[in-house]
Amino acid sequence: MRIGLYPGTFDPITLGHIDIIRRGCALVDRLVIGVAINRDKGPLFDLDERVAMIKMQARRLNAETGTEIVVHPFENLLIDCARDVGASIILRGLRAVADFEYEYQMVGMNRQLDASIETVFLMAEAQHQAIASKLVKEICRLSGDVSKFVTPEVEAALKNRLHVEAR
Ligand code: ADP
């Protein structure tokens with residue numbers, strides 16, 4: 001049984017993330033979506049909210065792909081999280097060259113921590129490649145249309161949260 005771990009902050013989950021999850025499902029028997037607590041990043045949505053939004057998408061993707069999808073919050077070292085869930089591969093998405101440098105370094109260090117866990121990089125469909133949670137939040141905050149970047153449920157949550165915060 002091949003288990004893959006797809007870690008991230010998912011603040012909030014976007015169509016870019018969903019694209020990568022769908023591709024990841026084709027590669028593994030069980031996909032664990034690792035949700036980093038990431039207090040340092042000062043997330044807009046707390047962990048429970050991010051997990052709930054991911055679970056909603058995970059149910060759909062499971063029905064569509066047949067691959068088991070598990071949502072797993074974690075606060076420890078990525079490589080320890082991979083060991084905890086029995087993952088032999090870590091999945092990451094690559095967008096621009098800017099992602100590459102950071103990811104390159106992460107792979108180099110993670111490999112020294114555990115050489116048996118391989119990192120696999122995936123790229124989203126062209127129209128999903130530029131999507132970043134950070135920019136989606138900024139666009140929504142400025143009342144822009146984010147419907148091409150997130151699901152309707154996430155769009156509603158964003159509008160609700162940003163509206164509430166603006167008051
Ligand atoms: P992190 O804090 O780990 O960067 P993110 O939630 O921003 O968390 O991203 C999680 C993973 O998803 C990362 O590997 C990131 O590169 C990837 N990703 C996010 N958006 C996209 C996208 N539009 N296309 C491809 N990969 C993406």
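From the list Glu155, Glu125, Glu118, Glu138, the lone residue that is within 11 Å of the ligand (Cβ to nearest atom), at pLDDT 95 or above and more than 15 Å from the chain's Cα centre (by Cα) is Glu125. Just so you know, in segment 114-154 the residues that are closer than 15 Å to Leu15 by Cα, of a type in the set (Asp, Glu) and in contact (Cβ under 8 Å) with a residue 12 or more places away in the chain include one that is most open to solvent (accessible area, probe 1.4 Å), and it is Glu125. Checked against (1) within 15 Å of the ligand (Cβ to nearest atom); (2) basic (Lys, Arg); (3) surrounded by 15 or more Cβ atoms within 10 Å (Cβ to Cβ), Arg161 passes all but a single condition, namely (1).
For the structure I just gave you, tell me whether Ala58 is more than 10 Å from the ligand (Cβ to nearest atom) and more than 12 Å from the chain's Cα centre (by Cα). Show your work before the answer.
Values: more than 10 Å from the ligand (Cβ to nearest atom): yes; more than 12 Å from the chain's Cα centre (by Cα): no.
Considered against the rule, which asks whether it is more than 10 Å from the ligand (Cβ to nearest atom) and more than 12 Å from the chain's Cα centre (by Cα), Ala58 comes out as no.
Take Leu27 and tell me if it is open to solvent by less than 90 Å² (accessible area, probe 1.4 Å), in contact (Cβ under 8 Å) with a residue 24 or more places away in the chain and within 13 Å of the ligand (Cβ to nearest atom). Criteria not met by Leu27. When the strands (runs of 3 or more DSSP E) confined to segment 1-112 are screened for residues that are of a type in the set (Phe, Trp, Tyr), those reaching at least 1 such residues are found at 3-8, 68-74.
Looking across segment 79-114, the residues that are within 11 Å of the ligand (Cβ to nearest atom) and under 22 Å from Ala130 (Cβ atoms) come down to Leu91, Arg92, Gly93, Leu94, Arg95, Ala96, Ala98, Asp99, Phe100, Tyr102, Glu103, Met106.
The values are calculated or read from the model by the stated rules, or taken from the named source; none is laboratory data. This structure is a prediction, so every number in the text was calculated from the model and none was measured. Note that each Cβ is placed from the backbone with ideal geometry, even for glycine, and that neighbours are counted across all protein chains shown. The area values use the complete protein model at the heavy-atom level, side chains included, leaving out ligands, DNA and RNA. Shrake-Rupley method; radii C 1.70, N 1.55, O 1.52, S 1.80 Å.
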